[in-house]
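Trainee: Can you read through this structure? Questions will come right after.
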Amino acid sequence: MNSNTLLKSTLIYTIGNFGSKILSFLLIPIYSYYLSRKELGEYDLVLTSVNLLVPFVSLQMNEAIYRWFLDKENEKENYIDNIFKQCSILLLVSFISFELLLYLAGLFYHIPYQKELSLLIISSCLLPFFQQILRGLGLTRYYSFIGIINSFFIFSFSLLFLLTDIFQDKVQGIFYALFISNFIAILLMLFKVSFLFKKYVSIKINYSLQRQILFYSLPLILNSISWWVINASDRYIILKFLTIEDNGIYAVSARLPAILTIFNTVFMLAWQDMAISGNDPNNPFFSKLFNKYIAVNIGLSTILIAATPLITEVLFDSKFYESWKYATLLYIGSCFSSISGFLGAIYLKTKSTKGIFITSMIGALVNVFISVAFIKYIGLYAPALGTFVSFFVMFIIRYRQTAEILKLDIDIKSFIIQLLVVFSIIILLYINSSHLISISLTVLSLFLFGYFNKDILKKVFNKLNSLKK
């Protein structure tokens, strides 16, 4: 367990996730040109609903099967096949129940895009389920390949359906682009892990194991809902107190931190592998890694915040320009979301998923309170502020709780200085967001990033020089 192992894993995950995240991010500016504020608001609202329902329907079997596949103490005959079957049975029962409930609900209420909603939810459950199987089996390269393929098709089909008349309803076309792409990726993964089906019939239903899996996954379901409340419930609050057009503006604001998410997603996958598999909680490497992770996250957030007025003007239609104002707080929220996720992997190591849920629930309550209490007074700034504060509170609580499992020492002085810098830049931008100010602050942020992360940059440059030789 060392930095080389982490770097290798991160690079493999980067191959499959970097391109996919970039393509996903680039789709939002394209949507902003072809969809009205109202249509983008509707699209975002349906997608938000999908993200709410998926944890319930999937029962978080993707997280459970990954954790059990990594449990090296249970290397018994047919162990992997047995885990796969028990999780699959639970997933199948959940799918049938969901489709029945959706059908009955549709008889009494009008559900916009009901068929598309069903297809998206089922495919959004199966895609991560098989992706986590690949991770659990150590097939990380194929995992990365699937990420690339899935993103390529999402981007291609989205453009096809937007630029042609195949779908008169462009929002519906985007939903089918997502579903078809997910379906292709799922088929490819099914072929890769087809060996898991060979002994499927011969393995008996293990109710005891299913109870253990559900006991593990239930807090993760609640945790996902809490994260949904923090990240997405804002859309419904905005719809209640403001308008669907405002939701379209906020949808763009919420997508801008996706640039920061690109870095954090690929690192978090590698960090989970290391944290769950590691056996030395007193290794000083973890504290060093944690401080570097915080410094890089705040540093990247600072750069992106300073450049956001320019990014928004260049990438998005002018009707969405004001979205940069709310994105500044969402960048910091995304930063602390990632740091909280870093600490969340420590809970997974000991299967203490209850701690993950409780801290997420507290964060969710904080977010809803701030959003509802202040949205009438400060508009879209309220949900953005709520997102930041909720993730910051979650970070503080998780840091204190996980100290009992893995002690991580924070460089408090550096931490406070970096936070003062980033908030100073936000205030300056609110006062004056001209091109000159934005460019100047971006250059300053780059220099500060180099100062606080000089050790990491030095290692990266040395690594690149060694590769050239």
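The values are calculated or read from the model by the stated rules, or taken from the named source; none is laboratory data. All values derive from a computational prediction rather than experimental measurement. Methodologically, a virtual Cβ is constructed for each residue, glycine included, from the backbone with ideal geometry; neighbour enumeration extends over all protein chains shown. Keep in mind that these areas ignore ligands, DNA and RNA; they rest on the heavy atoms of the full protein, side chains included. Shrake-Rupley method; radii C 1.70, N 1.55, O 1.52, S 1.80 Å.
Trainee: Restricting attention to region 424-447, report how many residues are in contact (Cβ under 8 Å) with a residue 40 or more places away in the chain, open to solvent by 30 Å² or more (accessible area, probe 1.4 Å) and in a helix (DSSP H, G or I).
Mentor: 5
Trainee: Condition test on residue 280, is it of a type in the set (D, E, K, R), open to solvent by less than 30 Å² (accessible area, probe 1.4 Å) and modelled with pLDDT under 85? Spell out the reasoning first.
Mentor: Numbers: of a type in the set (D, E, K, R): yes; open to solvent by less than 30 Å² (accessible area, probe 1.4 Å): no; modelled with pLDDT under 85: yes.
When the stated conditions are applied, residue 280 does not pass them.
Trainee: Which residue out of 108, 153, 179, 145 is under 17 Å from residue 47 (Cα atoms), aromatic (Phe, Trp, Tyr) and out of contact with any Phe, Trp or Tyr (no Cβ under 7 Å at 6 or more places or on another chain)?
Mentor: Just one listed residue meets the conditions, 179.
Trainee: Kindly establish whether residue 438 is closer than 22 Å to residue 332 by Cα, modelled with pLDDT under 90 and touching a Pro at 6+ places or on another chain (Cβ under 9 Å).
Mentor: Against the criterion (closer than 22 Å to residue 332 by Cα, modelled with pLDDT under 90 and touching a Pro at 6+ places or on another chain (Cβ under 9 Å)), residue 438 does not qualify.
Trainee: Filter region 205-254 down to residues that are of a type in the set (Ser, Thr, Tyr) and open to solvent by 20 Å² or more (accessible area, probe 1.4 Å) and give me whichever is nearest to residue 93 (Cα to Cα).
Mentor: Taking the candidates together, the pick is 207.
Every residue, every condition in (1) at pLDDT below 85; (2) open to solvent by 60 Å² or more (accessible area, probe 1.4 Å), yes or no:
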residue	(1), (2)
33	yes, yes
39	yes, yes
55	no, no
67	yes, no
87	no, no
95	no, no
108	no, yes
115	no, yes
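Trainee: Is there a residue being touching a helix residue (DSSP H, G or I) at 6+ places or on another chain (Cβ under 7 Å) and under 29 Å from residue 320 (Cβ atoms) anywhere in region 104-111?
Mentor: yes
Trainee: Sort out which residues of region 288-332 are aliphatic (A, V, I, L, M) and without any contact (Cβ under 8 Å) to a residue 40 or more places away in the chain, and write them in order of number.
Mentor: Of all residues in region 288-332, those aliphatic (A, V, I, L, M) come to 289, 294-296, 298, 300, 303-307, 310-311, 314-315, 327, 329-330, 332.
Within region 288-332, just 314 meets the criteria.
Trainee: So, in region 379-413, of the ones that are hydroxyl-bearing (Ser, Thr, Tyr) and open to solvent by 30 Å² or more (accessible area, probe 1.4 Å), which residue ends up modelled with the highest pLDDT?
Mentor: Initial filter on region 379-413 (hydroxyl-bearing (Ser, Thr, Tyr)): 381, 387, 390, 399, 402.
Those left that are additionally open to solvent by 30 Å² or more (accessible area, probe 1.4 Å): 381, 399.
Details: 381: 93, 399: 89.
Within region 379-413, the match that is modelled with the highest pLDDT is 381.
Trainee: Still on this structure: Identify all residues within region 404-420 that are part of a helix (DSSP H, G or I) and out of contact with any Gly (no Cβ under 9 Å at 6 or more places or on another chain); write none if there are none.
Mentor: Across region 404-420, the qualifying residues are 412, 413, 414, 415, 416, 417, 419, 420.
Trainee: When the residues of region 233-273 are narrowed to those that are more than 12 Å from the chain's Cα centre (by Cα) and not in a helix (DSSP H, G or I), which ends up modelled with the lowest pLDDT?
Mentor: If we take residues in region 233-273 being more than 12 Å from the chain's Cα centre (by Cα) and not in a helix (DSSP H, G or I), then 256 is modelled with the lowest pLDDT.
Trainee: Need pairs with beta-carbon distance below 7 Å; first residue over 19 Å from residue 363 (Cβ atoms) and within region 212-227, second of a type outside the set (A, V, I, L, M, F, W, C) and assigned to a helix (DSSP H, G or I); sequence gap 6+ or separate chains.
Mentor: So the pair list comes out as 213/86; 216/67; 216/353; 217/63.
Trainee: Since residue 307 meets every condition but one in (1) modelled with pLDDT under 90; (2) surrounded by fewer than 24 Cβ atoms within 10 Å (Cβ to Cβ), which condition does it not meet?
Mentor: The one condition residue 307 does not meet is (1).
Trainee: So residue 115 fits all but one of (1) under 21 Å from residue 90 (Cα atoms); (2) without any contact (Cβ under 8 Å) to a residue 40 or more places away in the chain; what number is the exception?
Mentor: Among (1) under 21 Å from residue 90 (Cα atoms); (2) without any contact (Cβ under 8 Å) to a residue 40 or more places away in the chain, the lone unmet condition for residue 115 is (1).
Trainee: Here's something else I'd like to know. Please tell me if residue 391 is over 13 Å from residue 330 (Cα atoms), of a type in the set (Phe, Trp, Tyr) and touching a residue at least 12 places away in the same chain (Cβ under 8 Å).
Mentor: no
Trainee: Give just the number: which of (1) open to solvent by less than 10 Å² (accessible area, probe 1.4 Å); (2) of a type in the set (S, T, N, Q); (3) over 24 Å from the mean Cα position of the chain (by Cα) does residue 360 not satisfy?
Mentor: Unmet for residue 360, out of (1) open to solvent by less than 10 Å² (accessible area, probe 1.4 Å); (2) of a type in the set (S, T, N, Q); (3) over 24 Å from the mean Cα position of the chain (by Cα): (3).
Trainee: While we're looking at this one, here's another question. Is it true that residue 161 is open to solvent by 40 Å² or more (accessible area, probe 1.4 Å) and either assigned to a helix (DSSP H, G or I) or within 24 Å of residue 50 (Cα to Cα) (or both)?
Mentor: It is false that residue 161 is open to solvent by 40 Å² or more (accessible area, probe 1.4 Å) and either assigned to a helix (DSSP H, G or I) or within 24 Å of residue 50 (Cα to Cα) (or both).
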